[in-house]
Amino acid sequence: MKNVDHIGIAVRSLEESLPFYENVLGFTCSAIENVDSEHVKVAFLDAINVRIELLEPTNSNGAIAKFIEKRGEGIHHIALKVDSIENRISDLKNNGIQMLNEVPKEGAGGALIAFLHPKSAHGVLYEICEKKPLKENDSD
């Protein structure tokens, strides 16, 4: 693992929660994106040394909606940056880690993502993510 890429926080409403993160904590929202495959709307916040992703469910079928229904709003996952997600999934499985996703899928920002089962990670939901390299003409 390279470092913490972001912390995912489940919220009922971006409209209601963003003012706290921006006005009270002083974080900057850099973008908002719908991730239809995950049934979420994501707000990306720059929290100085780590990124925070606020995750609002877009329907009741997704994992975030079910998480909020069961546990309420709060920290959903910690994402760790990796160079080669396929190799990392293989390494994790070889070390007895149960994966929720044995094949990477596309997440927010076009990253490839996979989740470790919390039962294999002492109750924490970890996401591993591989970011696509920026093209020379892409901007931050």
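Any read-out appearing in this document is the output of simple, stated calculations on the displayed coordinates, not a laboratory observation. As the structure is a computational prediction, the values presented were derived from the model and not from experiment. When we count neighbours, we look across all protein chains shown, and the Cβ atoms used for this are built from the backbone with ideal geometry, even at glycine.
The table for this structure:
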{"read-out": "Distance between the stretch 1-29 and the stretch 52-120 - C-alpha centres, whole angstrom", "value": "17 Å"}
{"read-out": "R0 of 35 Å, Cβ-Cβ distance ILE75-VAL103: FRET efficiency to nearest 0.05", "value": "0.85"}
{"read-out": "Taking HIS122, HIS77 and counting other C-beta atoms within 10 Å, the order from fewest to most", "value": "HIS122, HIS77"}
{"read-out": "For the stretch 3-130, size of Cβ-based charge dipole, Lys and Arg +1, Asp and Glu -1, in debye", "value": "480 debye"}
{"read-out": "Anisotropy class of the chain from Cα gyration tensor, a/c 1.5 cut", "value": "oblate"}
{"read-out": "10 Å Cβ shell holding at most 14 others, DSSP loop, GluC sites (Glu not before Pro): longest site-free stretch of the chain", "value": "1-101"}
{"read-out": "16 Å Cα cut-off, lysine pairs counted over the chain (separation 8 or more, or different chains)", "value": "10"}
